[in-house]
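Remarks on the structure that follows.
Values in this text are rule-based calculations from the coordinates and carry no lab data. The model shown is predicted, which means the values in this text are computed figures rather than measured ones. All Cβ positions, glycine included, derive from the backbone under ideal geometry; neighbour counts span all protein chains shown.
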Amino acid sequence: MVMFKVSSVETTPFNDQKPGTSGLRKKVKVFKQPKYLENFVQSTFNALGAGKVRGATLVVSGDGRYYSKDAIQIIIKMAAANGVRRVWIGQNGLLSTPAVSAVIRERVGPDGSKANGAFILTASHNPGGPHEDFGIKYNTENGGPAPEGITDKIFENTKTIKEYLIAEGLPDVDISIIGVTSFMGPEGQFDIDVFDSASDYVKLMKSIFDFQSIQKLLTSPKFSFCYDALHGVAGAYAKRIFVEELGANESSLLNCVPKEDFGGGHPDPNLTYAKELVARMGLGKTNSEQEPPEFGAAADGDADRNMILGKRFFVTPSDSVAIIAANSVEAIPYFSGGLKGVARSMPTSAALDVVAKHLNLKFFEVPTGWKFFGNLMDAGRCSVCGEESFGTGSDHIREKDGIWAVLAWLSILAYKNKDNLGEEKLVTVEDIVRQHWATYGRHYYTRYDYENVDAGGAKELMAHLVMLQSSLDEVNKIIKGIHSDMSNVVNADEFEYKDPVDGSISKHQGIRYLFEDGSRLVFRLSGTGSEGATIRLYIEQYENDPAMTGRDSQEALAPLVEVALKLSKMQEFTGRSAPTVIT
Ligand code: G6P
Ligand code: ZN
């Protein structure tokens, strides 16, 4: 057995290693600075404490973006030096974020071991490549992102770090070959276990969904399907699940080969960035004569996000979670015993609230960020949850799950068409959504993103909006000056959340203007960008007159949008006359 030694390397702090909503994300050139990654990894080990590191089993993998392979070799050597007992690596360093969560919770190693945590190497939906983003985040034993208590400690450590530990004499490991390689260090044996990236996850999905009924739908000549992984890690799962397990045609997979730079694209599944899929589904401008498929979906780089589309039809993420919640007990075996509760993030539309009320379900509104759902799930209070930011999931793991969301939709379609795969007309995605609106009303919803604006200007805009909240009379006067028939703002605040499980309080989670008729304007600064600031503006309007639920959403929301832009002085503060992305 090859032996290694441990050496301590002197280092000095970097002052920019504060983890955001989902870990540390920076340009690759920042991560490539000597000792930059090492400092963050050692600060994480120190924050966890020797008790949780020595003898531990750690998962290290990610979405395969540029710099992952180098980072994995560095983390392996640091883990060994810090007394970690074994490191688990998905083949080629690939594991989707939901698969990491599943592996932590479900996988049993060849020697009977279970994982204690994971370094996930991803910058999620941000572009990859030598000039783009890299990222790293730590997930804990429950399979979810480290809580703020830990990430704050990590940040504190990065400001004072003086040394890190690394193994000397430990060779780079070939992570393309499945199997266990063992080494001997000063504290005993150290194993590197390279395993198949998909098996544990596939097994979990099979225990949740009725694969047979989904297969019947997918192989029916009446149905057609398309999945776009945007060259992210979802490709490693899509072929296994949709083609090999469920019988979809291989030609229904788009961009399903994971690439280090996501093929030069922006791996974010929305109407702007998932261009190819959007065109194939007959949305937007398309020259294709081909009839679009009945169902289309896309994932982001690390496969935790999803976008659901029907033929020439977009399902908003806020509607998606509401529809999944409304149908889950009938359509998904995992939920057949009923839902423990449902939850959404604050900026997500209130479509889910209406379902929860109708079905008498426990309901929670939490700040943006998946970790808040995790707490509720660990306490057995939440089964299904979702966010406007194309995240949907359940308590099967502690991350949102892009492929799970697709399987949930396919299950609903399979259920609605179960006696209907003969001559009758297919119940489509659009039918399901319109039926939902007819039952529960519709929440018109749109999000405007202003990406990479000057951080100072963004701060001033937010301060201006907080200042305005002190006089609602003034606010309503401004609004009436723009649209005299608009309903009044009756409440305005900054969202604050007290976690019902651990009692922790999160402040400044977004600025809200709540209107008498249920409409809402929400302003937030993104917590996931890597450069400048990104302002998000969320606009929502409720309509429960069935005659009025079929309008074009941008048209229905135009007056509210105008009010939001004028109220916030968006152009004045940002210099932007239009958003970067509208979803
Ligand atoms: C990540 C988190 C999500 C969150 C999103 C918000 O994807 O996992 O839970 O909704 O970031 O991003 P933002 O850029 O709006 O802060
Ligand atoms: Zn992601």
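Brief remarks on what is shown
- Distance in nm between pseudo-label sites at residue 431 and residue 452 (7 Å out along the Cβ direction from Cα): 4.5
- Across the cross-link table entries 239/275; 203/357; 52/203; 216/311, which are compared at the Cα atoms, the separations over 23 Å belong to 203/357; 52/203.
- Judged by the mean number of other Cβ atoms found within 10 Å, the most tightly packed of the peptides 303-314, 416-427, 357-368 leads the ranking 303-314, 357-368, 416-427.
- Using the rule -39500 (n - 2.57) for each DSSP H run of four or more residues, divided by the residues of the chain, the 222 nm mean residue ellipticity is -9500 deg cm²/dmol.
- Gain upon complete extension [residue 517, residue 439; 0.36 nm per residue less C-alpha separation]: 26.2 nm
- Rounded to 0.05, the FRET efficiency of the residue 420 and residue 379 pair, given R0 = 45 Å and the Cβ-Cβ distance, is 0.70.
- For segment 105-239: rounded, prolate or oblate by the Cα gyration tensor [a/c cutoff 1.5]: prolate
- Residue-wise HN-Hα couplings along segment 356-370, as the Karplus relation 6.51 cos²θ - 1.76 cosθ + 1.60 with θ = phi - 60° gives them from phi, are 4, 5, 4, 8, 6, 9, 4, 9, 10, 10, 10, x, 4, x, 5 Hz; Gly and Pro carry x.
- Straight-distance crosslink candidates among lysines, where the alpha carbon sits under 18 Å from residue 159 and sequence neighbours closer than 8 are dropped: 18, 26, 35, 137
- Stretching the chain fully between residue 141 and residue 29 yields a gain of 37.2 nm (0.36 nm per residue, less the alpha carbon separation).
- Helix 97-106 and the longest principal axis of the Cα set of the chain meet at an angle near 60°.
- Using a Förster distance of 41 Å, the FRET efficiency for residue 184-residue 580 (Cβ separation, nearest 0.05): 0.20
- Amide H contacts under 5 Å for residue 84: 55, restricted to partners 5 or more places along the chain or on a different chain, H placed in the peptide plane at 1.01 Å from N.
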